[in-house]
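The values are calculated or read from the model by the stated rules, or taken from the named source; none is laboratory data. From a predicted model like this one, the values you see are computed outputs, not experimental measurements. Here the Cβ positions follow ideal geometry from the backbone for every residue, glycine too, while neighbour counts run over all protein chains shown.
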Ligand SMILES: Nc1ncnc2c1ncn2[C@@H]1O[C@H](COP(=O)(O)OP(=O)(O)O)[C@@H](O)[C@H]1O
Ligand SMILES: [Mg+2]
C-alpha cells in the first residue's frame, strides 16, 4: 500500500478551443490517504465537477498527473487502456441524487457492480447484503428503489459505491437532499467505510452542516486548489 | 449476471403488455392477410383438384376456362377420347352468376357437368357430404355447403328451377365463390341460350334473308332456325389419363391433332396463381409491406421512449463500468421480447379470426415461422436507433454539472 490513495499533481483541464476555450482546472494538487475523507469546497463554476469527472475517468484532462494507489492513471495522457474497467474496479461513485436503477431491487442495485465484474450472482448478492447490513438498510433488501425514503436511497447508493471495495470513492454533494441528522449519518458512514476498507474518499460539498467534520479540506477557486486544515469535529 | 432487459420488462410489465397486445393485433392482421393469400391459392388448387382432371382442353389460344372465357364445340370431346393415353374426357361449363333462392341470392359458380356413363365423370364433385349426385339430366343441382343452400332447396338459375339433391364441401371457384353443379344441357342453356325476344329477332332476320328462306327448298329454313337455337358450345373438356401416361406427351398430341389449347395440371396452377390472382396477391403484398412498416414504427417508437426514460440510468450504468455490449443487449432484448409478445398475441388472434372471414383463410406453419422471423428482424432493426442513442450517452452526465 502506497502512502496515498489519491495523488493529483498539476492537473489542468481546458474545455473547447481558441476564443471560447474555458480553463476549468488550472492547477489542481490533492493528496488523499487511504482511510481518509477530505472535503472539496468551492463556489459554483470553480471546477469541482470537472475535477470529479477527470478523476472518475469520464473526461480527459489536458495536462498533469493522477495516481490511484500505485497506479499512474494519467500523466499528460491516459496510462490505462480500459477506463471502463478502471471505473468499475477502482472508483466508487456516490451522487447527489441516488440514481438507483428503478427496475432492480435494492440488493441487485448494489450487487450489479460485482456482477458486471464477473462475480457469480449469489456471491455478489452476499457481498451486497453485507454492505446493506453495515449501512443499516438490510431490512429493505428486497424493496424496489421507489419504495425507499430519500435517506434509505442514499445509503443504498453508498453501498453501491462501496461494494467493489474500490480504493477511491468520489462523492458529489452526497448530503444535499438530506436533513441534517441524515446528512451527519451519511458522513459518519463514509468515515466508517473509509476506515474499515482503507478507502480514500473525496466529498464535494456546499453543505455547511458537514464542513466542520473534515480534518482536511481542499478549497478550489477558479480551477486552483488550496489545502487547509479542517476542524475534524465529530471524527477526531 | 442478471438479465437487465428481463428485470426492466417485469418492472414496466403494464407498458409492455399493452404495447405487446397492440402490436400483436397488428401482427394478427398481417398473418390473416397472408392467410387470405394462401386461402386464394388453396381455393385455386382445390378447384383444380376437385375437377379430377389431368388435362384441360380449351379454345385455341385462350387461358380458359377459369382465367379467360373459352368456348369450344361440344362434340370435340369425342375426338379427344380416341387419342392414345386418354382414359376419359368430359365437357364442362363454368359460369359465375347470382343463384337465387326465394328472396335471397348467392354469388356462385355454376358448373355444368356431363352425364357420367358409369360412376363419376371428370368435373363431377368427387365426394358429397350429404345427399346424392345428379341422376336426372335436368333440374337437379349439387351445391357447396358454403352457399348456404340445403338439401331440397329450390334454386332459380336463369329461367329454370333446380332442386338441391346433394351437398359438397370446399368446392369453390378460384375467387372463393361456392360451386353449384347442374346437368350440362341445362348449363349450356343457361350460358348460351338467347332470350325469347332475341330468338324472335334472329328468326325474323333469317326469314328475311333469301338465301336461308328459299321458296324452292322446303325444310331449309326450319333447319337453320334449329341450328341457331341449339347450344353446341362448352367451356372446356376435362381429360383424365390412363395410368402411367405423361401429361405433357398426351397434351402435346392433342394440341397437334385437334388444334386446341391444352393445359396440364402444373400449367393450370401456374395460370391460376400467376395470372388470375396475381393482382390480388400484389395487393396483399402491398398491405403486408405497409403493416410491416407500421409495426416497425411502433416497436421503434416504444423502444425509443422506454430508452429515453432510462437515459439517466444508462449514464449511471456506463459510469459504473457497464459495457456498451451489455447496454445494447438490454435494449435489443426488450425489442425482441416485445416482438415475441406481439407475435404470440398475433398468432392467437389470427387463429381465432380465421372462421370469421367470409372467404377461406389458410394459416400455414411456414408462414407463421416466416412471420416470426420478420417480426424479430423488424424488432432488432427498430431497436438500433435506440441503441445508437444509448451508446452516445456520456457517462459524465451521471456526475452532472
Ligand atoms: N462541457 C463543458 N464545456 C465547456 N465548459 C464547461 C463544461 N463543463 C464545465 N464548463 C465550465 O468549466 C467551469 C467549471 O465548471 P464545473 O466543473 O461544472 O464547476 P462546479 O462543478 O464547481 O460548479 C465553468 O466555468 C463551466 O462553465
Ligand atoms: Mg458542479
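Mind listing just one residue for me: the one in region B:128-139 that is in contact with a helix residue (DSSP H, G or I) (Cβ under 9 Å, 6 or more places away or on another chain) and in contact (Cβ under 8 Å) with a residue 40 or more places away in the chain and, of those, farthest from residue B:57 (Cα to Cα)?
Step by step, filter region B:128-139, then rank; the result is B:129.
Restricting region A:132-145 to residues that are closer than 20 Å to residue A:93 by Cα, modelled with pLDDT of 90 or more and part of a helix (DSSP H, G or I), which is nearest to the other protein chains (Cβ to nearest Cβ)?
Applying the filter and picking the extreme gives A:145.
Go through the residues of region A:178-194 one by one and say whether even a single one is crowded, with 24+ Cβ neighbours inside 10 Å, touching a strand residue (DSSP E or B) at 6+ places or on another chain (Cβ under 7 Å) and not in a strand (DSSP E or B).
Checked region A:178-194: at least one residue is crowded, with 24+ Cβ neighbours inside 10 Å, touching a strand residue (DSSP E or B) at 6+ places or on another chain (Cβ under 7 Å) and not in a strand (DSSP E or B).
Looking at (1) within 27 Å of the chain's Cα centre (by Cα); (2) loosely packed, with under 15 Cβ neighbours inside 10 Å; (3) touching a residue at least 24 places away in the same chain (Cβ under 8 Å); (4) closer than 30 Å to residue B:273 by Cα, find the lone condition where residue B:87 falls short.
Result: residue B:87 passes all but (1).
Before we move on, is residue A:50 under 26 Å from residue A:207 (Cα atoms) and either within 12 Å of chain B (Cβ to nearest Cβ) or more than 15 Å from the chain's Cα centre (by Cα) (or both)?
For residue A:50, the condition - under 26 Å from residue A:207 (Cα atoms) and either within 12 Å of chain B (Cβ to nearest Cβ) or more than 15 Å from the chain's Cα centre (by Cα) (or both) - is met.
Considering only residues that are more than 11 Å from chain A (Cβ to nearest Cβ) and more than 30 Å from residue A:54 (Cα to Cα), which ones fall in region B:301-333?
B:301, B:302, B:303, B:304, B:305, B:332, B:333
Might you check whether a residue that is at the interface with chain B (Cβ under 9 Å from one of its Cβ atoms) and closer than 24 Å to residue A:35 by Cα occurs anywhere in region A:98-115?
Checking region A:98-115: at least one residue is at the interface with chain B (Cβ under 9 Å from one of its Cβ atoms) and closer than 24 Å to residue A:35 by Cα.
Among the strands (runs of 3 or more DSSP E) confined wholly to region A:1-111, which include 1 or more residues that are out of contact with any helix residue (DSSP H, G or I) (no Cβ under 8 Å at 6 or more places or on another chain) and more than 16 Å from ligand 2 (Cβ to nearest atom)?
Once the strands (runs of 3 or more DSSP E) in region A:1-111 are filtered for at least 1 residues that are out of contact with any helix residue (DSSP H, G or I) (no Cβ under 8 Å at 6 or more places or on another chain) and more than 16 Å from ligand 2 (Cβ to nearest atom), what remains is A:6-15, A:22-32, A:37-41, A:63-68, A:71-75.
Give me a count of the residues in region B:380-394 that are crowded, with 18+ Cβ neighbours inside 10 Å and modelled with pLDDT of 90 or more.
Looking only at that region, the number is 5.
Could you tell me which residue of region A:25-37 is nearest to ligand 1 (Cβ to nearest atom), considering only residues that are surrounded by fewer than 23 Cβ atoms within 10 Å (Cβ to Cβ) and within 25 Å of residue A:175 (Cα to Cα)?
Among those that are surrounded by fewer than 23 Cβ atoms within 10 Å (Cβ to Cβ) and within 25 Å of residue A:175 (Cα to Cα), it is A:30.
Of all residues in region A:195-209, which are more than 16 Å from ligand 2 (Cβ to nearest atom) and either under 19 Å from residue A:56 (Cβ atoms) or crowded, with 24+ Cβ neighbours inside 10 Å (or both)?
A:197, A:199, A:200, A:201
State all residues of region A:146-164 that are away from chain B (no Cβ under 14 Å) and either more than 24 Å from residue A:117 (Cβ to Cβ) or surrounded by fewer than 24 Cβ atoms within 10 Å (Cβ to Cβ) (or both); if no residue qualifies, say none.
A:148, A:149, A:150, A:151, A:152
Is it true that some residue in region A:134-143 is on the phi > 0 side of the Ramachandran plot and surrounded by fewer than 22 Cβ atoms within 10 Å (Cβ to Cβ)?
Yes, there is a match, as at least one residue in region A:134-143 is on the phi > 0 side of the Ramachandran plot and surrounded by fewer than 22 Cβ atoms within 10 Å (Cβ to Cβ).
Kindly establish whether residue A:202 is in contact with a strand residue (DSSP E or B) (Cβ under 9 Å, 6 or more places away or on another chain) and farther than 20 Å from residue A:179 by Cβ.
Answer is yes for this residue.
Rundown of residues vs (1) in contact with a strand residue (DSSP E or B) (Cβ under 8 Å, 6 or more places away or on another chain); (2) within 14 Å of another protein chain (Cβ to nearest Cβ); (3) under 30 Å from residue B:109 (Cα atoms), yes/no style:
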position	(1), (2), (3)
B:3	no, yes, no
B:11	no, yes, no
B:18	no, no, no
B:29	no, no, yes
B:35	no, no, yes
B:42	no, no, yes
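I need a count of the residues in region B:225-239 that are surrounded by fewer than 18 Cβ atoms within 10 Å (Cβ to Cβ) and touching a strand residue (DSSP E or B) at 6+ places or on another chain (Cβ under 9 Å).
Residues flagged as surrounded by fewer than 18 Cβ atoms within 10 Å (Cβ to Cβ) and touching a strand residue (DSSP E or B) at 6+ places or on another chain (Cβ under 9 Å) within region B:225-239 amount to 2.
Is it the case that region B:282-296 has a residue that's surrounded by 13 or more Cβ atoms within 10 Å (Cβ to Cβ), assigned to a helix (DSSP H, G or I), touching a helix residue (DSSP H, G or I) at 6+ places or on another chain (Cβ under 8 Å) and within 14 Å of another protein chain (Cβ to nearest Cβ)?
no
For region A:38-55, how many residues are within 6 Å of ligand 1 (Cβ to nearest atom) and surrounded by 23 or more Cβ atoms within 10 Å (Cβ to Cβ)?
3
If residue A:171 satisfies every condition in (1) outside any loop (DSSP other than H, G, I, E, B); (2) more than 16 Å from ligand 1 (Cβ to nearest atom) but one, which is the exception?
Only one criterion is unmet by residue A:171, namely (2).
When you scan region A:214-231, how many residues do you find that are without any contact (Cβ under 8 Å) to a residue 60 or more places away in the chain and in contact with a helix residue (DSSP H, G or I) (Cβ under 7 Å, 6 or more places away or on another chain)?
The number of residues fulfilling the criteria is 1.
Would you point out the residue of region A:165-186, among those that are touching a helix residue (DSSP H, G or I) at 6+ places or on another chain (Cβ under 8 Å) and within 16 Å of ligand 2 (Cβ to nearest atom), that is nearest to the other protein chains (Cβ to nearest Cβ)?
A:172
Could you identify the single residue in B:267, B:245, B:191 that is closer than 27 Å to residue B:60 by Cβ and in contact with a helix residue (DSSP H, G or I) (Cβ under 9 Å, 6 or more places away or on another chain)?
Just one listed residue meets the conditions, B:267.
Being facing chain A (nearest Cβ under 7 Å) and away from ligand 1 (no atom under 13 Å from the Cβ) is the filter here, so list the residues in region B:377-401 that pass it.
Selection gives B:395, B:398.
Restricting attention to region A:205-213, does a residue exist that is out of contact with any strand residue (DSSP E or B) (no Cβ under 9 Å at 6 or more places or on another chain) and in contact (Cβ under 8 Å) with a residue 24 or more places away in the chain?
Yes, region A:205-213 has at least one match.
Among the numbered conditions (1) in contact (Cβ under 8 Å) with a residue 12 or more places away in the chain; (2) more than 14 Å from chain A (Cβ to nearest Cβ), tell me where residue B:356 comes up short.
Status for residue B:356: all satisfied but (1).
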